[in-house]
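Student: One structure, as structure tokens, below. Some questions next.
The values are calculated or read from the model by the stated rules, or taken from the named source; none is laboratory data. No experiment lies behind these values; they were computed from the predicted model shown. Every residue, glycine among them, receives a Cβ derived from its backbone with ideal geometry; neighbour counts consider all protein chains shown. We work out accessible area using only protein heavy atoms, side chains counted, and drop any ligands, DNA or RNA first. Shrake-Rupley method; radii C 1.70, N 1.55, O 1.52, S 1.80 Å.
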Amino acid sequence: MIISGITTDVQCPGEANGEIDLSIQGGTPEYSILWSDGSQNEDRSGLESGIYCVTVTDENGCTADACFDVDAPEDLSIVGEITDVSCFGDEDGSISVTVSGGTPAYSFNWDNNLDNSAIQTGLAVGTYCLTVVDANECEANACFEIEGPDEIDINGEVTDLDCNGSKDGAI
């Protein structure tokens with residue numbers, strides 16, 4: 001008896017939408033099927049990532065075993081490199097993000113009406129949040145804080161001149 005199967009991997013980490021389409025050749029039908037998780041169905045769906053083993057027994061008591069690996073993509077990860085605003089009130093901050101995991105290609109959806117790219121420039125002080133969506137519609141979120149220096153506050157005390165032309169005034 002020969003057991004083969006076609007696996008469909010889980011689309012997003014933590015989901016249970018993997019599948020195994022089992023095929024049995026040879027032996028004498030009727031077949032008894034027992035999976036390592038107790039299921040007796042020939043084809044499997046709604047599976048989490050993992051290894052699933054099956055034992056098939058034919059009508060004559062002959063057995064064959066096979067295992068199938070249902071994979072899942074790695075978790076989406078967003079890492080940002082931030083450049084803070086250089087002077088109070090300026091808009092020269094930037095965020096450059098790198099995405100890993102999931103299934104490329106990625107789309108970038110910023111919540112501050114920014115263009116949908118991985119690099120944002122001309123940013124003012126504030127919080128900028130991003131949702132990344134991969135080719136399987138898996139999502140990851142991250143927020144980044146652009147900071148800047150405080151406003152320069154100049155306070156002075158003025159001492160007026162005693163007389164016109166004198167040099168005794170001060171700031």
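Student: Determine, yes or no, whether Val125 is over 11 Å from the mean Cα position of the chain (by Cα) and at pLDDT 95 or above.
Tutor: On the way: over 11 Å from the mean Cα position of the chain (by Cα): yes; at pLDDT 95 or above: yes.
It is true that Val125 is over 11 Å from the mean Cα position of the chain (by Cα) and at pLDDT 95 or above.
Student: Same structure, new question: If the Cβ limit is 8 Å and pairs must be 6+ apart or interchain, which residue in region 110-127 that is more than 22 Å from Phe88 (Cβ to Cβ) and touching a residue at least 24 places away in the same chain (Cβ under 8 Å) pairs with which residue that is open to solvent by less than 90 Å² (accessible area, probe 1.4 Å) and in a strand (DSSP E or B)?
Tutor: Close Cβ pairs satisfying both conditions: Ile119/Ser94; Ile119/Ile95; Ile119/Ser96; Ile119/Val97.
Student: Answer yes if at least one residue in region 19-29 is part of a strand (DSSP E or B) and without any contact (Cβ under 8 Å) to a residue 24 or more places away in the chain, and no otherwise. Even if it seems obvious, please write down each step before you answer.
Tutor: At the first step, the residues of region 19-29 found to be part of a strand (DSSP E or B) are 19-25.
Adding the requirement that they be without any contact (Cβ under 8 Å) to a residue 24 or more places away in the chain leaves 21, 23.
Checking region 19-29: at least one residue is part of a strand (DSSP E or B) and without any contact (Cβ under 8 Å) to a residue 24 or more places away in the chain.
Student: Moving on. Please verify whether region 70-78 includes one or more residues that are among the β-branched types (Val, Ile, Thr) and closer than 30 Å to Tyr128 by Cβ.
Tutor: Step one: filter region 70-78 for residues among the β-branched types (Val, Ile, Thr), giving 70, 78.
From the residues that got through so far, the ones that are closer than 30 Å to Tyr128 by Cβ too are 78.
The answer is yes; a qualifying residue exists.
Student: Let me ask something additional. Looking at Gly61, Gly93, which is the one that is at pLDDT 95 or above and surrounded by fewer than 17 Cβ atoms within 10 Å (Cβ to Cβ)? Write out each step before concluding.
Tutor: Numbers: Gly93 fails: surrounded by fewer than 17 Cβ atoms within 10 Å (Cβ to Cβ).
Only one candidate qualifies: Gly61.
Student: Confirm whether Glu81 is outside any loop (DSSP other than H, G, I, E, B), exposed (fewer than 12 other Cβ atoms within 10 Å of the Cβ) and of a type in the set (Asp, Glu). Steps first, answer last, please.
Tutor: Numbers: outside any loop (DSSP other than H, G, I, E, B): yes; exposed (fewer than 12 other Cβ atoms within 10 Å of the Cβ): yes; of a type in the set (Asp, Glu): yes.
Yes: the conditions hold for Glu81.
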